[in-house]
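The values are calculated or read from the model by the stated rules, or taken from the named source; none is laboratory data. Just so you know, these numbers come straight off a predicted model, no measurement behind them. In this analysis, Cβ positions are derived from the backbone assuming ideal geometry, glycine residues included, and neighbour counts consider all displayed protein chains.
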Amino acid sequence: MLKFLFTVIRRDVLLAGRRRGDWLTAQFFFVMVVSMFPLGIGPEPGMLRTIGPGVVWVAALLASLLSLDRLFADDYRDGTLEQMLLSPSPIALLTLGKAIAHWIINGIPLLLIAPLLGIQFNLPAEALWMLVLSLAIGTPILSLLGSIGAALTLGLRGGGALVTLLIMPLYVPALIFGAGAVEGVLSGTGSEAHLSLLGAFLMMSLLLAPWVSAMALRVSVE
Amino acid sequence: MNLYHYASPSTFYPLAGKLIPWFAALAFLLAIAGLYISFFVAPTDFQQGEGYRIIFIHVPAAWMSMFIYVVMAFWSAIGLAWNTRLSFVMARALAPTGAMFTFVALWTGAFWGKPMWGAWWVWDARLTSELILLFLYVGVMALQAAIDDPRRADRAGALLNLVGVINVPIIYFSVKWWNTLHQGSSVSLTRAPSMAQTMLWGMLIMALAAWMYTIAVALARARTLVLERERQTEWVRAQLEGQP
Amino acid sequence: MIWNSWQVFWAMGGYGLYVWGSFGVTLLCVVAEVGLLRRHRLQVWRRLKRMKSWDIQ
Amino acid sequence: MLSANGLACERGERLLFRNLGFELGRGEALLVVGGNGRGKTSLLRILCGLSAPVAGVVRWRGDPLSKAHEQYGREMAYLGHANGIKDDLTPMENLRIAAALNGRELDIGTATAALERVGLSRCMDFPARVLSFGQRRRVALAGLMTAGALLWILDEPLTGLDVEGVAMVERMIRDHVVAGGLAIMTTHQPLALDGLTPQTLSVGE
């Protein structure tokens with residue numbers, strides 16, 4: 001059981017390592033989107049500090065969506081997805097492994113880049129820590145919920161845009177609690193409540209999303 | 001198996017055809033009664049003047065937008081559990097009407113907000129949730145439109161619908177939470193200062209009219225869908241002899 | 001009767017634009033939905049009839 | 001061992017076939033025949049459990065496929081139109097990862113032997129991207145051999161192979177069936193199984 005899960009994760013990480021170009025695209029997308037905001041809004045430090053957490057979080061949503069539509073699509077095209085579906089292990093384990101791998105490949109780099117971007121927005125040190133912490137709890141949610149969208153739109157024309165349309169509304173709670181936690185630090189109102197709600201949402205996604213996306217995969221591959 | 005009898009498309013089609021005029025008539029009569037109450041019975045509000053009469057459509061539309069999403073999820077769950085095609089058809093037939101009511105709720109919310117808050121749009125918890133609900137409707141319809149195979153479209157839409165319905169309360173809660181932190185508006189659209197008995201009645205009757213309308217329209221849409229999907233069967237070919 | 005004349009009724013105590021804007025658009029939506037539904041049904045009906053006359057399943 | 005009963009399949013409102021059934025035991029092969037678009041591939045996908053039939057049931061060792069996912073996954077190997085080969089991995093990595101996903105350890109020696117048997121001893125360490133279509137098909141066939149499955153379901157196993165490759169596949173299938181395995185396949189090319197006559201199943205009218 002666990003062995004299968006680890007094999008799926010190792011395989012996807014290995015494949016991402018072989019295709020570093022695709023991987024870098026998503027990371028630079030994140031950096032660039034965030035850097036566009038000061039250019040559009042103006043360099044006033046107080047204003048930047050207010051919008052900073054929200055901007056970084058929204059950019060994280062977009063960056064994870066950018067790489068999501070290929071979560072199953074590549075394996076679907078070359079037939080390896082079929083082979084994995086036919087393996088003796090439960091399909092929910094496959095989708096869970098895929099989502100975890102997506103988080104390792106695309107989520108963890110975001111955590112490392114985010115503080116640098118936070119500095120651009122004049123965030124104080126405690127807020128930077130909170131930003132990383134909230135992203136650490138929040139980005140797995142993005143990968144998990146996103147796997148549902150990726151499975152539903154498998155093999156469809158315009159899959160990428162469609163995934164965004166389907167999944168973005170579901171990201172709303174993660175965005176509110178995640179960006180809210182950082183803002184709680186900035187305004188001094190505390191952020192424990194935000195973090196625990198974000199954690200609860202993560203637990204729920206972890207329990208439900210792999211099952212749903214397994215069902216979605218079955219429907220799409222049929 | 002009585003239930004399965006009604007779940008068969010060839011039984012459903014003529015039955016729905018007979019029911020639609022009745023529901024449409026009921027919707028019409030109830031709407032007339034509701035409009036009469038909203039304009040001629042309900043008194044002028046001492047705080048908001050005549051502008052508050054918008055709530056006679058705004059509130060029923062907002063109710064409907066949420067109810068319809070839940071009803072869609074109900075049909076989706078039944079379809080996935082028992083593999084009944086008609087349930088998927090019903091879920092699909094409800095979606096555009098639900099989106100329409102969501103749009104109406106947003107539009108009337110804006111038209112109510114302008115004179116009351118001085119802005120067409122405020123990020124009030126209810127309006128924001130309603131907006132996200134509209135996104136959810138659009139998502140389901142876009143997904144179903146993008147898939148050519150009806151079997152896959154039905155199932156994929158149903159799954160998304162169920163995920164959405166689990167998420168709606170969480171989204172609503174999170175938006176409300178966000179709203180209270182950011183000092184939302186003090187006036188709420190649905191908690192009018194004096195919820196008089198007549199106003200409640202007016203809204204209930206309008207909501208009932210909207211229900212009847214929804215049933216009539218959804219049945220009509222489902223009929224067309226059934227016709228398209230069952231086009232190779234004998235009974236559809238026999239139907240085509242008559243008038244549309 | 002709370003309205004003295006039609007004029008007063010349409011004015012809605014200064015909120016005419018908002019009240020009628022809301023009710024009008026709602027009516028428009030309902031009419032549009034019913035209209036589109038009917039048109040779609042007729043289109044499907046004609047297409048199926050044509051297909052049947054060609055005897056294509 | 002494998003039995004199908006009253007299978008029906010629909011593609012986009014069109015009925016492809018219905019009331020299809022057969023019974024396959026150890027040491028037997030089944031050749032599915034029928035023209036283009038008659039649902040051969042759809043039938044094979046139903047048989048391996050990728051898609052559900054509109055009606056009917058497929059049983060493996062007496063259990064419906066929906067209940068036998070785990071066991072069936074271990075004992076059945078499927079080769080579809082797509083090879084199931086990752087272009088960014090070498091043939092060796094492909095074989096070993098595929099085995100690991102199936103819950104088996106595949107040591108380098110066995111994998112090398114299999115790749116040598118399909119004639120790929122010289123390109124074991126190149127990424128599959130640089131291989132030709134036929135060579136990639138051979139990698140998939142090596143995977144089939146190392147899967148140790150009892151039932152083979154092969155969709156057009158001969159496409160893209162040269163004369164020598166075709167002979168190799170024919171030998172593989174024959175050996176597998178003679179050794180007590182089961183095989184179900186479709187093909188547009190004549191298939192000479194050397195003394196073994198498969199049952200045939202015709203799909204579509």
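Determine, yes or no, whether A:PRO90 is more than 19 Å from the chain's Cα centre (by Cα), modelled with pLDDT under 95 and under 19 Å from A:LEU144 (Cβ atoms). If you could, list the steps in order and put the result at the bottom.
Working: more than 19 Å from the chain's Cα centre (by Cα): yes; modelled with pLDDT under 95: yes; under 19 Å from A:LEU144 (Cβ atoms): yes.
Yes.
Residue-by-condition table, conditions (1) in a helix (DSSP H, G or I); (2) farther than 30 Å from D:GLU10 by Cβ; (3) basic (Lys, Arg):
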site	(1), (2), (3)
D:ARG104	no, yes, yes
D:ALA114	yes, yes, no
D:GLY143	yes, yes, no
D:GLY148	no, yes, no
D:VAL169	yes, yes, no
D:ARG174	yes, yes, yes
**Request:** Check off (1) in contact with a Phe, Trp or Tyr (Cβ under 6 Å, 6 or more places away or on another chain); (2) part of a helix (DSSP H, G or I); (3) within 14 Å of chain D (Cβ to nearest Cβ) for A:LEU66 and give me the number that stays unchecked.
**Result:** (3)
**Request:** Report yes if A:ILE148 is facing chain B (nearest Cβ under 9 Å), at negative phi and either out of contact with any strand residue (DSSP E or B) (no Cβ under 8 Å at 6 or more places or on another chain) or part of a helix (DSSP H, G or I) (or both), otherwise no.
**Result:** yes
**Request:** Could you list all residues from segment B:77-118 that are in a loop (DSSP other than H, G, I, E, B) and within 13 Å of chain C (Cβ to nearest Cβ)?
**Result:** B:GLY118
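Just to check your reading of the model, which residue among D:LEU89, D:LEU50 is more than 21 Å from D:THR186 (Cα to Cα) and either outside any helix (DSSP H, G or I) or not aromatic (Phe, Trp, Tyr) (or both)? Give the derivation first.
On the way: D:LEU50 fails: more than 21 Å from D:THR186 (Cα to Cα).
Unique residue meeting the criteria: D:LEU89.
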**Request:** Could you please find all residues in segment A:32-87 being among the aromatic types (Phe, Trp, Tyr) and under 30 Å from D:LEU154 (Cβ atoms)?
**Result:** A:PHE72, A:TYR76
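Would you confirm whether any residue within segment D:115-129 is within 17 Å of the chain's Cα centre (by Cα) and of a type in the set (Gly, Ala, Ser)?
Keep residues of segment D:115-129 that are within 17 Å of the chain's Cα centre (by Cα), which gives D:118.
With of a type in the set (Gly, Ala, Ser) added as a condition, the list becomes none.
Looking for residues that are within 17 Å of the chain's Cα centre (by Cα) and of a type in the set (Gly, Ala, Ser), one finds none in segment D:115-129, hence no.
Can you name the residue in segment B:119-156 that is outside any helix (DSSP H, G or I) and under 22 Å from C:GLY24 (Cβ atoms) and is also nearest to the other protein chains (Cβ to nearest Cβ) among such residues?
As a first pass, look at segment B:119-156 and keep what is outside any helix (DSSP H, G or I): B:119-124, B:147-149.
Adding the requirement that they be under 22 Å from C:GLY24 (Cβ atoms) leaves B:119-121.
Values: B:ALA119: 13, B:TRP120: 10, B:TRP121: 14 Å.
The residue in question is B:TRP120.
May I ask you to verify whether D:ALA192 is in a loop (DSSP other than H, G, I, E, B) and out of contact with any Gly (no Cβ under 9 Å at 6 or more places or on another chain)?
Numbers: in a loop (DSSP other than H, G, I, E, B): yes; out of contact with any Gly (no Cβ under 9 Å at 6 or more places or on another chain): yes.
Criteria met by D:ALA192.
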**Request:** Check whether at least one residue in segment C:34-53 is within 8 Å of chain B (Cβ to nearest Cβ), within 18 Å of B:ARG237 (Cα to Cα) and not in a helix (DSSP H, G or I), and report yes or no.
**Result:** no
**Fill in**
From the option list A:ILE167, A:ILE137, single residue qualifying as in contact (Cβ under 8 Å) with a residue 60 or more places away in the chain and under 16 Å from B:GLY139 (Cβ atoms) is A:ILE167
**Message:** Which of the numbered conditions does B:PRO169 fail, given that it passes all the others? Conditions: (1) within 14 Å of chain A (Cβ to nearest Cβ); (2) in a helix (DSSP H, G or I); (3) at pLDDT below 85; (4) surrounded by fewer than 16 Cβ atoms within 10 Å (Cβ to Cβ).
**Reply:** (3)
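Any idea how many residues of segment C:1-13 are surrounded by 12 or more Cβ atoms within 10 Å (Cβ to Cβ) and either within 8 Å of chain B (Cβ to nearest Cβ) or closer than 30 Å to B:VAL226 by Cβ (or both)? Quick ask: steps written out before the conclusion?
Of the residues in segment C:1-13, the ones surrounded by 12 or more Cβ atoms within 10 Å (Cβ to Cβ) are C:2-3, C:8-9, C:11-13.
Next cut, either within 8 Å of chain B (Cβ to nearest Cβ) or closer than 30 Å to B:VAL226 by Cβ (or both) only: C:2-3, C:9, C:12-13.
So the count comes out to 5.
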**Asked** Would you pick out the residues in segment B:67-87 that are over 17 Å from B:ASN167 (Cα atoms) and among the aliphatic types (A, V, I, L, M)?
**Response** B:ILE78, B:LEU80, B:ALA81, B:LEU86
**Message:** If I filter segment A:130-139 for residues that are among the polar types (S, T, N, Q), touching a helix residue (DSSP H, G or I) at 6+ places or on another chain (Cβ under 6 Å), within 11 Å of another protein chain (Cβ to nearest Cβ) and buried (at least 21 other Cβ atoms within 10 Å of the Cβ), do I get at least one hit?
**Reply:** no
